[in-house]
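K.L.:
Quick one: the structure is below, questions incoming.
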Amino acid sequence: MIFKDLLMFFLGYLLMILGVLIGVAFLTLLERKVLGYIQIRKGPNKVGLMGILQPFSDAIKLFTKEQTYPLMSNYLSYYFSPIVSFILSLMIWLLIPYYFNMISFNLGIMFFLCCTSLGVYSVMIAGWSSNSNYALLGGLRSVAQTISYEVSLVLIMLSVILFILDFNLLMFKEYQNMIWFIFMMIPLSLCWFSSSLAETNRTPFDFAEGESELVSGFNVEYSSGGFALIFMAEYSSILFMSMFFSLIYLGGFNLSLMFYMKLSFISFLFLWVRGTLPRYRYDKLMYLAWKSYLPVSLNFMIFFMGLILIINF
């Protein structure tokens, strides 16, 4: 019986990973289309009907290219860091609180924080092991940025946890039946969204990749499969952070079309921001993280603690 349960779990997880990968493929297509229309051009429209097969041709091109590696690189860590990054971004999807066939985490939020913290190492090692100055600079900037934002990210999440007094993601549905949390904490949800942009290395916080000054940042020496895995890990994280946002602030998880519409809308916002905003200056980013978001999230947390004390007594 236990073997059968395990088998069903693995099959369910495999199907979900396939779904995530297909979602990632079409998110890249959506991004190129959205950016195209923002810049008054078409975007990919030749491969298949309206360019719908473009992601698959990209995947075939990337994975059949010859794998190159720098002679002076630290080969093992250079080779494995994109794989680790990709596995971590897929592991977080275990958290999605399905009512059937999946593990239900009682400490889901702790698992999320552990996995996102580990993501820093793969970027750092990818930048260091390439043995290129540009890659190393990109890796260092990414690490400094992610560490800065994770502090405020955790504190923003603590405010919500204080409301529901539970780490289980299923509980968010129970507490948002009457009113969504976004209406009760609009400033915090906006802070969370911009911190998610920084967490996933997206514009306007894409200093790890800063093309204008770092050629391409930490992934400059990667080609073919390694580059594709880094790319897929980033887009998988975007989808997950969108799912997490709609789970925490937009009514919790339910197996309805509406939930996936909310997820798609938040993912679209990630792409819209990229088409609209220029890159931030690096020192301004650090200033924003430590001087703005940290005090704001701390004050809100203290405010909610006081609110809960007043309600309970």
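Just so you know, all these numbers are worked out from the coordinates, no wet-lab data involved. The model shown is predicted, which means the values in this text are computed figures rather than measured ones. Here the Cβ is made from the backbone with ideal geometry for all residues, glycine too, and neighbour counts use every protein chain on show.
K.L.:
Any chance you could run the full-extension gain for Ser77 through Asn254? It's 0.36 nm times the residue separation minus the Cα-Cα distance, nm to one decimal.
P.N.:
Result: 59.7 nm gained on full extension.
K.L.:
While we're looking at this one, here's another question. Using the alpha-carbon atoms, what tilt in degrees (0 to 90, nearest 10) does helix 2-38 show relative to the longest principal axis of the chain?
P.N.:
70
K.L.:
Using Cα atoms only, what is the angle between the long axis of helix 75-91 and the major principal axis of the chain, expressed in degrees (0 to 90) to the nearest 10?
P.N.:
The helix 75-91 is inclined about 40 degrees to the chain.
K.L.:
May I pose another question? In square nanometres and to one decimal, what's the mean projected area of the convex hull around the Cα atoms of segment 13-84?
P.N.:
Projected area, direction-averaged: 7.2 nm².
K.L.:
Working from Cα positions, state the angle (0 to 90°, nearest 10) between the long axis of helix 133-164 and the longest principal axis of the chain.
P.N.:
It is inclined by approximately 20 degrees.
K.L.:
Across 5 Å bins from 0, what is the distribution of all Cα-Cα pair distances for segment 91-202, in whole percents?
P.N.:
Going out from 0 Å in 5 Å bins, segment 91-202 shows 2, 11, 17, 19, 18, 13, 9, 6, 4, 1, 0 percent.
K.L.:
Just the Cα atoms of segment 54-312, one point each, no solvent: what log10 I(q)/I(0) does Debye give at q = 0.08, 0.11, 0.15 Å⁻¹?
P.N.:
Relative scattering, expressed as log10 I(q)/I(0), comes to -0.34, -0.63, -1.12.
K.L.:
Which FRET efficiency value, to the nearest 0.05, do you get for Asn133 and Thr276 by plugging their Cβ-Cβ distance into 1/(1 + (r/R0)^6) with R0 = 22 Å?
P.N.:
0.10
K.L.:
Based on DSSP H runs of at least 4 residues, each adding -39500 (n - 2.57), what is the mean residue ellipticity at 222 nm of the chain after dividing by all its residues, to the nearest 500 deg cm²/dmol?
P.N.:
The per-residue figure over the chain is -23000 deg cm²/dmol.
K.L.:
What is the sum of charges, Lys and Arg at +1 and Asp and Glu at -1, for the other residues whose Cβ falls under 12 Å from the Cβ of Gly43?
P.N.:
+4
K.L.:
Among Val273, Ile179, Ser73, whose Cα lies farthest out toward the positive end of the dipole of segment 54-312, if unit charges sit on the beta carbon of Lys, Arg (+1) and Asp, Glu (-1)?
P.N.:
Checked the options; the winner is Ile179.
K.L.:
Moving on. As an exercise, identify the trypsin sites (Lys or Arg not before Pro) in segment 1-50 lying in DSSP coil whose Cβ has no more than 11 other Cβ atoms within 10 Å.
P.N.:
Arg41, Lys46
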